[in-house]
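What follows is a single structure, written as C-alpha cells, with notes after it.
The values are calculated or read from the model by the stated rules, or taken from the named source; none is laboratory data. Just so it is clear, the model here is predicted, and its values are computed rather than measured. Cβ coordinates were reconstructed from backbone atoms using ideal geometry, including for glycine residues, and neighbour counts include every protein chain displayed.
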Amino acid sequence: MGTVRVQPEDFSPGAEFDALLARAPGAGGLGSFIGVVRSNAAQPIVAMTLEHYPAMTVAAIASIVGAAETRFDLLGCTVIHRFGRLLPGDRIVFVAAAAAHRRAALDATSFLIDWLKTKAPFWKREEMADGTARWVEAAAQDAQEADRWNMG
Amino acid sequence: MGTVRVQPEDFSPGAEFDALLARAPGAGGLGSFIGVVRSNAAQPIVAMTLEHYPAMTVAAIASIVGAAETRFDLLGCTVIHRFGRLLPGDRIVFVAAAAAHRRAALDATSFLIDWLKTKAPFWKREEMADGTARWVEAAAQDAQEADRWNMG
Amino acid sequence: MAEVRILYFAWLRERAGRGEEALTLPPDVATVGALMDWLGRRDPALAEAFAMRRVVRAAVNQNFASAETPVAAGDEVAFFPPVTGG
Amino acid sequence: MAEVRILYFAWLRERAGRGEEALTLPPDVATVGALMDWLGRRDPALAEAFAMRRVVRAAVNQNFASAETPVAAGDEVAFFPPVTGG
C-alpha cells in the first residue's frame, strides 16, 4: 500500500499528492512533510551530501511504513528520500499519509518523519563555505521525538 | 507573511509548495494538510456545497494565521479554502507551514487546520444519492482538538 | 433609529427564509441576546430556530459574539450554526 | 571459515579508509561486540573509532544490531554513526 522510493533525483510534491490520492479513494485528508536543505546565515553551507546504505534503506523505510499502517488507519502513504549531493533549498525527503480523518493523516505524517530521522540509514555531510566539511551529528531531540511514539 | 485565499476554484498543491518555499528562505521543513471531499460507501454523497460568510472569512482565517505565527517559529504559511459546490475527491482546503525545524512546521499545520475547523465561518451541506440534503453538524471532537492548543 | 443589518447562514438561513434583512431596533434591544428574543417575537420560524440556542452562534461586525455582546446602530449581526469548514 | 562482509559508512568509512572488506573470522568471534574488538586489534584506526562505542551503531544483514547480536558465516555486518536522514 505504501510507496517507497530512494533516489538521487528530485521529486514533484504535486504529482506525488495526486498519485497518493488516486490510490486512496475514500480519503478525507492528506498530511505531508517536505524536508529541505537548510542553510542558516550564521553558518552557511555550500552543499549537503546524503550517504546511505543501499541494501538496507528501502527495507528500513518499508518497515517504518508498515509500522505506520498498523498504528494509524491509513488509506495510503508515500515516502521518498533522496541521496547524493544536494544544494541549499533542495528537497531531501517527502512524506505523505492519506486517511479518512485528519488526525490520523497528520499523526501518521509526524510518526513517519520522526522514525525516518532515527531508523533509516542515511548520513548527512555538510560542505561549509570555508572549504571544510563535517558529518552532521544526530540530535538527541530526534531520538526523543521518535521515542514519544512508543508511549501511546 | 501568511498567504490567505478563499475561492471557488481548485488549487495546485505543488505550485503552492513552491511559492511558499520561495517566500521562506532558511526553511528546513514544510508541513501541510489537504482536506478532500470524502464519500464513504455506506452513505455515498453526490456533492458537497460549502457556504461561507464572505465579509468575515478572510479576516477570520488571517486571525488564525496570526495566532499560528505568534505561537510557532514560522517562516511562512499558506491557507486556501474553497467554497461552492464540490464533488467527492475534490480538494476543499490547503494548509501549509514552513519553519526552520520540522516540529514547528508540523505542529503549526495541525494548529491551523484544527482552528480552521472551529473558527472559520464555513458550513458544509451534503447532497445524498437519494436526493436529500443535510447540513453537516460540527463534531464535538473538532472543538476538543482546537481546545488542546489552549493548554500549551 | 438603531438600524442594523442581520445575516443568516446555513440552516438558519433556510429556516429564516432569507439571507439578510435591515431592521430598526427598539431602544431596549441593545445586546445579541435581546436581539434574538426580539427577532423571535416577530417571526415564529426564527423563534423556533433560536430555541436551539446551544447550537446557534452569532457574530457582530464579523467577530464571534456572545448573548451579552452589545449591538448598536450600523452593526452587522450574523446568526449561524457551529462552523464546519476545513 | 566464517567469511563475513564488513561495511563502513559516513565518518567510520573515512576513518577506516575503506567502505567494505571481506574477512574470515576466527571461531571465537561470534558476536558484533567480539567482531569490533577483533577488528580493533587488527587496525588502530578502527580501534580508535570503535572506542567511541556510544556513538557507533551496527547492523547485521541489514537489521539494526547490538553488541550481543550473533555473527555467522555469510553475514553482512555494517558499522556506522547514528543516522541523520530525514
Original post:
For the subset of segment D:39-86 comprising residues that are touching a strand residue (DSSP E or B) at 6+ places or on another chain (Cβ under 8 Å) and free of Cβ contacts under 8 Å to residues at least 12 places away in the same chain, which member is nearest to residue D:13 (Cα to Cα)?
Top reply: D:84
**OP:** Within segment A:129-152, count every residue that is β-branched (Val, Ile, Thr) and more than 19 Å from the chain's Cα centre (by Cα).
**Re:** 1
**OP:** Among residues belonging to segment B:1-54 that are among the acidic types (Asp, Glu) and facing chain A (nearest Cβ under 10 Å), point out the one that is farthest from residue B:100 (Cα to Cα).
**Re:** B:16
Original post:
How many residues does segment B:1-56 hold that are in contact with a Pro (Cβ under 8 Å, 6 or more places away or on another chain), assigned to a strand (DSSP E or B) and among the polar types (S, T, N, Q)?
Top reply: 1
**OP:** Could you please find all residues in segment D:17-47 being within 14 Å of chain A (Cβ to nearest Cβ) and in contact with a helix residue (DSSP H, G or I) (Cβ under 6 Å, 6 or more places away or on another chain)?
**Re:** D:19
Original post:
Residues of segment B:55-74 being within 11 Å of another protein chain (Cβ to nearest Cβ), in contact (Cβ under 8 Å) with a residue 60 or more places away in the chain and touching a strand residue (DSSP E or B) at 6+ places or on another chain (Cβ under 7 Å), which ones?
Top reply: B:56, B:57
**OP:** For segment B:115-134, name all the residues that are within 8 Å of chain C (Cβ to nearest Cβ) and either in a strand (DSSP E or B) or crowded, with 20+ Cβ neighbours inside 10 Å (or both).
**Re:** B:116, B:117, B:118, B:120, B:121, B:122, B:123, B:124, B:125
Original post:
Do we have any residue at all in segment A:16-27 that's on the phi < 0 side of the Ramachandran plot, crowded, with 20+ Cβ neighbours inside 10 Å and touching a Lys or Arg at 6+ places or on another chain (Cβ under 6 Å)?
Top reply: no
Original post:
Of the residues B:17, B:72, B:83, which single one is of a type in the set (Phe, Trp, Tyr) and within 30 Å of residue C:8 (Cα to Cα)?
Top reply: B:83
**OP:** Given the conditions (1) modelled with pLDDT under 95; (2) at positive phi, report the number of the one that residue C:74 does not fulfil.
**Re:** (1)
Original post:
Of the residues A:68, A:62, A:96, A:108, which is part of a strand (DSSP E or B) and not aromatic (Phe, Trp, Tyr)?
Top reply: A:96
Subject >> Residue satisfying condition, being of a type in the set (Val, Ile, Thr), crowded, with 21+ Cβ neighbours inside 10 Å and touching a Pro at 6+ places or on another chain (Cβ under 6 Å), within set D:77, D:83 >> reply: D:83
**OP:** Please verify whether segment A:135-149 includes one or more residues that are within 10 Å of chain D (Cβ to nearest Cβ), of a type in the set (A, V, I, L, M, F, W, C) and closer than 26 Å to residue B:36 by Cα.
**Re:** no
Original post:
Which ones in segment A:1-15 are farther than 18 Å from residue A:115 by Cα and surrounded by fewer than 19 Cβ atoms within 10 Å (Cβ to Cβ)?
Top reply: A:1, A:7, A:8, A:9, A:10, A:11, A:12, A:14, A:15
Original post:
In segment B:28-67, what residues are surrounded by 24 or more Cβ atoms within 10 Å (Cβ to Cβ) and under 30 Å from residue D:84 (Cα atoms)?
Top reply: B:29, B:30, B:31, B:32, B:33, B:34
**OP:** Pick out, from chain C, the strands (runs of 3 or more DSSP E) lying fully within it that include 1 or more residues that are among the aromatic types (Phe, Trp, Tyr) and closer than 19 Å to residue B:122 by Cβ.
**Re:** C:2-8, C:63-65, C:76-80
